[in-house]
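The values are calculated or read from the model by the stated rules, or taken from the named source; none is laboratory data. The structure presented is a predicted model; accordingly, all values stated were derived computationally and were not measured. Neighbour counts run over all protein chains shown; Cβ positions are idealised from the backbone, glycine included. Heads up: the accessible areas ignore ligands, DNA and RNA and are worked out on the full protein's heavy atoms, side chains in. Shrake-Rupley method; radii C 1.70, N 1.55, O 1.52, S 1.80 Å.
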Amino acid sequence: MMKNFLRSCLRAMVLLWLMGYGGTMASASEMLVPEIETPTPVGSRQHQLNQTAQGQLLLSWVERGERGGQLRFAVLETGGWSTPQTVVAVRRKLAAAPVVLGLRNGALAAAWIVSTEQEDDPFGAELYLSRSTDGGGSWSKPLQPYSGEARIYDAQMSLAALDDGRLALVWTDQRHKPERYQLMAALLDTMGKPGPEIVLDKDVCSCCNTRTIAQGDTLWTAYRDHRGGEVRDIALVRWSSAGPSQANIVHDDQWVIEGCPSNGPAVARRDGLTMVSWFTAADGVGRVRTAFWPDGENHFGKPIEVDTHANGYVNALLLEDGSALVIWRGRAGLTEELRLAQVRQDGTVDHRTTLYRGDFPRWPNRHLSLTQVGDSVYVAWLDLEQAQIRLVKRPAPSAAAMAGDVVKAE
């Protein structure tokens, strides 16, 4: 059964490569906007952008060595980057992209996945959480917030901080493989004690990343669903400590693909408005789409076509004026581009900008990081040619105009 699963994943990768969505070969990387130096050494990877409770930019990454890997982070302060600190060092591989984020009470939380690398379970892993109350100088004993029945899949996870200091953790669980992979969650109280496991979806696409956001006591997790006939479209589930209360397919793309495309969605919520951005190639065309769902409506609105020459790997956030800022990997001949655009609810796509041109890494380092701090947005990615995490700062469109074209999406 495991061999069949590996074959299906390989077929999916080959299919996406032949269709042009698995990455391209660039002769040289090219920065098209000014960048910010980071404290990450050459060879760093698996980066994430988040914020501290004080609203400072927080960059985390993984450094690999002969004896394993280290999860490290630094904060962008007024005078520059703080001295990088180590959260944890492990002898095995740090899978997926670890997370370090700020909590409302000023503490920091970190989550990471360690591959167990067993011969009979090559994707098996263990997931850990820890907290720091002294700015990262020391960390609590790592805990595994799930039952003995859980079987962590090493491809992805998502973490969100609630306003009251609790944490929400979401992971893909393979306890029922090879029949199906399911999406699981747990809420941890302010002392780090996990509550009961929650099944968010009993059958999901295994490797596509999830994203989870919190507002009050309610959480939203966006993910790629798995339905009969190998249909793999994007879904959004709303949930709380009481369990999942609502799950919806964002749009019925009907993307049929035998194997996981490893290309998940982005979700954001602000002032009663929910937004999801995603990639699909259901009709053989690589599309990035965005859809909005205002509170009071019964479903998402019609998807807005952001790009029809895309490789995906989207990230997005909602701006103060109710528009979305979306980043993704686009295609330009034999080259890939990191693109950014503002998407409005009326279907207008403004301020389309290319930030970078070059080659990008393959799984599992494909993701793009995006966050807003004040009137600025920050974008981070891994430059494959330079083996370096790169970072740019741009003015938020609602605060200042950005260079680029304005188009009306079809």
Checklist line | Unit charges at the beta carbon, dipole of the chain: most positive-side option, 192, 50, 167 | finding: 192
Check: For the range 228-276, with only Lys/Arg (+1) and Asp/Glu (-1) charged at the beta-carbon, what is the dipole magnitude about the Cα centre, in debye rounded to 20?
Finding: 320 debye
Notebook entry, point to check: In this model, which of 302/393; 93/393; 93/177 are farther than 24 Å apart at the alpha-carbon?
Noted result: 302/393; 93/393
Note to self: Order 226, 309 by their accessible area, 1.4 angstrom probe, all chains in place, largest first.
What the structure shows: 309, 226
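Taking a ≥ b ≥ c as the square roots of the eigenvalues of the Cα gyration tensor of the range 72-114, is the shape rounded (a/c under 1.5), prolate (a/b larger than b/c) or oblate?
Oblate, since a/c reaches 1.5 and b/c is not below a/b.
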Next item on the list: Return the distance in nm (one decimal) between the two label points of a simple spin-label model at residue 144 and residue 298, each offset 7 Å from Cα along Cα→Cβ.
Entry: 4.6 nm
Margin query: Is there a quick way to get the dipole size of the chain? I mean about its Cα centre, with the Cβ of Lys and Arg at +1 and of Asp and Glu at -1; what is the value in debye to the nearest 20?
Written below: 660 debye
Item checked: Carbon + sulfur, % of accessible area of the range 53-115 - ligands and nucleic acids excluded, 1.4 Å -> 40 percent
Margin query: Just the number please: accessible area per residue for the chain, 1.4 Å probe, all protein chains included, in Å².
Written below: 41 Å²
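Taking 8 Å as the Cα distance limit and 6 or more residues as the minimum spacing, I'd like the relative contact order of the chain as a percentage.
Computed value for the chain: 14 percent relative contact order.
Report the charge-dipole magnitude of the range 157-309 in Debye, nearest 20, computed about the Cα centre from +1 at each Lys and Arg Cβ and -1 at each Asp and Glu Cβ.
The calculated dipole for the range 157-309 is roughly 240 debye.
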